Every structure is written in structure tokens, then in C-alpha cells.
1. Quick one: would you say Ala246 is at pLDDT 80 or above, of a type in the set (Gly, Ala, Ser) and outside any loop (DSSP other than H, G, I, E, B)?
2. Hey, does the stretch 384-395 have a residue that's part of a strand (DSSP E or B) and more than 19 Å from the chain's Cα centre (by Cα)?
3. Would a scan of the stretch 94-116 turn up a residue that is modelled with pLDDT under 85 and surrounded by 14 or more Cβ atoms within 10 Å (Cβ to Cβ)?
4. Among the residues of the stretch 379-424, what is the count of those that are within 24 Å of Phe362 (Cβ to Cβ) and of a type in the set (Val, Ile, Thr)?
5. Out of Ser441, Ser466, report the one residue that is surrounded by 15 or more Cβ atoms within 10 Å (Cβ to Cβ), hydroxyl-bearing (Ser, Thr, Tyr) and at pLDDT below 90.
6. Of all residues in the stretch 1-26, how many are at pLDDT 70 or above, touching a Lys or Arg at 6+ places or on another chain (Cβ under 9 Å) and loosely packed, with under 15 Cβ neighbours inside 10 Å?
7. Would you check which residues across the stretch 316-369 are more than 30 Å from Leu530 (Cα to Cα) and aromatic (Phe, Trp, Tyr) and list them?
8. Kindly indicate whether Ile191 is touching a His at 6+ places or on another chain (Cβ under 9 Å), modelled with pLDDT of 70 or more and among the hydrophobic types (A, V, I, L, M, F, W, C).
Amino acid sequence: MAGDWITLRVEGRGEATIHDVSIGFEPPPAPAPPATPQSQQKLKELYIQRDQLDRALDRYERTLKGLNDYLRSLTIQHVDAETLVQTIESVDTASKKYEDKIAEAKQDLRRVGDEIREEKMVLNGGGKDRAESRHQLRKMATVNVFAEVEGEIEMVVTYGVENASWTALYEVRTKTDSKEAPVEISYKAAIAQSTGEEWANAPMTLQTATPTFGIGLPKLAPWNLSIKPQPVSTPSYSSYAYDANAATRNYSKEVEVKVKVEIAKTPSIPKRTPRRRSYSPSISRRSRSRSPFRIVQSMPIENSGVNASFKVPGLISIPSDGTPHSVTIASLTPEAKLSWLSAPKIDTRVHLTALIKNTSEFTLLPGASSVYVDGVFIAKSKIQKLVSPQESFTLPLGLDPSIRVTYHPRVKKDSKSGLITKTTSTSFSQRITVHNTKPTSTIENLQIIDQIPVSQDAQIAIKLLSPALALPSDQSKVPPPVNVATGIVAQWYSGPDAHEGSGDGVFLGKNGQIAWSCKLPLQKKEELSLAWEVSAPSLSTVVGL
């Protein structure tokens, strides 16, 4: 047994009573018998066999090198064509023969090396059994059970172990031409343990609970304010004579008073210890009452609102090697809506994302995900935060090269106006071309993001010319979108997480960002236009254009 005896628990069912539970250590294994002369002789024979194989391998490699050198030395001037063909075929046959011999010799060397290591372990005492026992903990639990009548009982021993953990992994498969179920998620767990004992053919339940020890409630220290003491002014003397008026003037100077705010730091919460796992067989102490034993049943799925549990289907074997082993928790088909987004001012590439609603009863933990789009591996992504059932989240799915965006050079035009107060107006226009090169599917939700500048000075006026969106106001009403063309709507950009409630009328459009929502049929090309005007006093210099 490898575990923490404090977490030991015994449960079961039957006509019996637990008398006591004790923890001890197994006696050390008996020493291995001394090595026999036969073992020593076998080791000598293995060394001789290894030397013979080394020499044979060196001979085969030199022969193969000689054949290749001979073939490179042949020229058409020295040999006729028919003889050259026969020579090449002979060299090819011989080369294949010695390549096979080299591969066979290397395989024999590996086999002999393994046998030598095993014989050395035997000669050193204990062999494989002793080597394995050094990695096993010798702790032992003894359970005494009292029964008044003969019968069968079921008993489960549970205990907590350290050096066991698991992380969530995801395999996301997306079909861009599917409208009903465009996203499928394989929910997986990477389990690693180095507890000293092998988990062989065991039922497994994964939990998100993290045991913590010695953590108290946070307490706020007093937040005190005080006034800095006033500095004492020293009168200046131009001579030994005392000037009362000067002294009075010096002392009547105003003293600057500063308030020093001292903020006491709150005690930090200690970091959580590594995630533990309960694994059967394991144990925690139980009362010695005569209440009937209780059957321990693994719950398929639990979600208490604080921690979640997942029942892994079937029986799982995890060796004690510290290496992550992947198992599948569930295959999910959530509600999902695909969308494409590009900000060509920064990057003309188009990003594919999915707005996914977790319609399952599983809690999705933060973890890495491998993304496959239309059967092809596209990218590595990540679920950033915990997603509860019925909660939505956005998952990046990589780039889609089948949608091409061209960001044309910006056009600038200056003009002056005003009789008394001269004003310089500069108009700008920006063209963006979007092309759907997909041969079979229509893009339903493509967003192109661009922006106009935002004035930080009352002397600078900015006017949006195209698209004709209403300027944002301080009211909470959201400015309505504008139809630009068939299947294209322009609106103030509310951010990638608009489904979470952001983008209200108070802040919408204040950053000058505009989004075109496009529906592009296959092989369709559309052109978007953005135009604005900047006005400022003629003698002023506008910074940022």
C-alpha cells in the first residue's frame, strides 16, 4: 500500500462489524540467494557473443561501404552499357544482402545487451523482483472484522495518495459544411501517477476536488490614514542683526501638507497542493458502530456546484511511471455556431472560431485541445476557463485559408474651409475585398473588423462618412446596424464576447471599431468601403494620423 494513513477509510456491507483498523509495515523481503557458477558462466558467454556481434557488424558495414565506393568509381568510359547494367544489379543484390545482415546484427546486439543486464541483476542479488521491490512502499493496513454468524461480506478500502494527478484534454472536430452539429468534442483525461504501485484493471473516477491543508480564512488588517508631520521652517539671516519681520515672513509661509496612505497587505492564500486522487483499493478510519456496511457505488457523473466527478468507462490500467496516459471520458456534441473573423488592418488572415454551448452534464475544465477542421489537423487551441453545463464559451479553431481578404492602400484627400477660422479637413477612404473560394459551402457568419480614429481633443472633429452608422451617444440605446449590400450588415463592433453581454450602448462604438457581418455564397467576392473625415484648425498638427 502506498498512501496517507490519515485518509484511510474502510467501507462495506454485510452482517459484520469493524473491530479495528491498524497500520503497519510489511517485513523486508528475504535476501536473494547467492549467484551460482552457472550464472557467472552464462554472463561470460554473453560477453563473448557480444564481442563477436560487434566484430561482425563492423565487417558488414565496411563491406557495404566498399560496394558503394566501387559503384561510384565506375564511369561509362571504362565499361560498356551492358556490362554496366550487370555490374549495378550485382552490387545492388550484394548491398541488400549486407544491409539485411547489418539489421540482424544490430537486433542481436540489443537482445544480448538485455540478457547481460538481466544476468547482472541476478548476480547482484534479487534480480527483477528486488529491483521492483525497491520502488514499492511497504506500508500495510490490517482490518479486523467481527461477525456473529457465518456469511459473505463486501469490503472496500480507500486511501488518498500523493504523486497522482490528471489534466483535461480535448479533441475538437469541426465540419464547416454541417449546420446541425458542426462541432464534436472528445473529452479526455491525461492521468499520471508515481505512487509506487500499479493500478491494474481498476475502475476509475476523476474528480476536480483539490485537498487543502492548513488554510485559514483571510483577514483584513487595519487600513490607517495619517497626516505627514509639517516640516519646521528655519529663518534665514543676512547678518547678525535680528529681523523680526523677516522671521515672521519666513514662518508665515504656507506649508504643503501631504496625506500618506498606508495600505496593509492582506495575507495571501497559500497555493493549493497538487491534485489528489482517491483510488480503490484505499482506506480512512471508520466508527466501530454496528451499523450495516454500506455499498460504495461509483456515481456516473456528479456536479455539486463546487467540484465535479467523472466516471471513466470500463477498467483502466495506469503504471507507476509518472507518464501521462490518455483515457476518454465522453464524446460530446454540443450546440455550436461557427464564425469567421478578420482584422485586415493588422492581419489579412481569417480566423475560424466556434461559439459553443455546453449542453452536456459534464463540467469542462481548462485544458489544451487539438483542433481538426474537415478531417485535417489545423491548430492547437485551449479552453481557457471552467465551463459549467448550459454555459457558453468561444473556442479559436485556427485559420481558414479558403477565405481571402485584401486590404487595399488607404486614399487620403486634403481640403481647407472657413473665412475667419481656417479649418483643414482630411478625408480618408479604405477598401477591403473579401473572397470566398470554398467550392461547396456558403459562409454564414463572417466578420470583418476595422476602425476609424477617435478624437481626444475638442478641436479635432471626426465624421464617419461610410457606412452611415449613427454615432454612439451617452444613452444606453444601441445604435442600429446598417444594411450595406445583400447579405452584408455594418454595425459598431461589440467585441468577440458579445454573447456574454458586453457591448451595451454606453460604450459601444466609443473605440471607433466597426464590424461588417457578411454572408458570402461560394466563389463570391464582395468589396467593403470605409470612409471618414478629420477636421482640425489649420495651424494645428494632428498627431496619430
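1. no
2. no
3. Looking for residues that are modelled with pLDDT under 85 and surrounded by 14 or more Cβ atoms within 10 Å (Cβ to Cβ), one finds none in the stretch 94-116, hence no.
4. Of the residues in that region, 3 qualify.
5. Ser441
6. Number satisfying all stated conditions: 5.
7. Once the filter is applied, which keeps residues that are more than 30 Å from Leu530 (Cα to Cα) and aromatic (Phe, Trp, Tyr), the stretch 316-369 yields only Phe362.
8. Judged against the criteria, Ile191 is a match.
The values are calculated or read from the model by the stated rules, or taken from the named source; none is laboratory data. Because the structure is predicted, anything quoted here is derived from the model rather than measured. Using ideal geometry, Cβ is built from the backbone for each residue, glycine included, and neighbour counts are taken over all protein chains shown.
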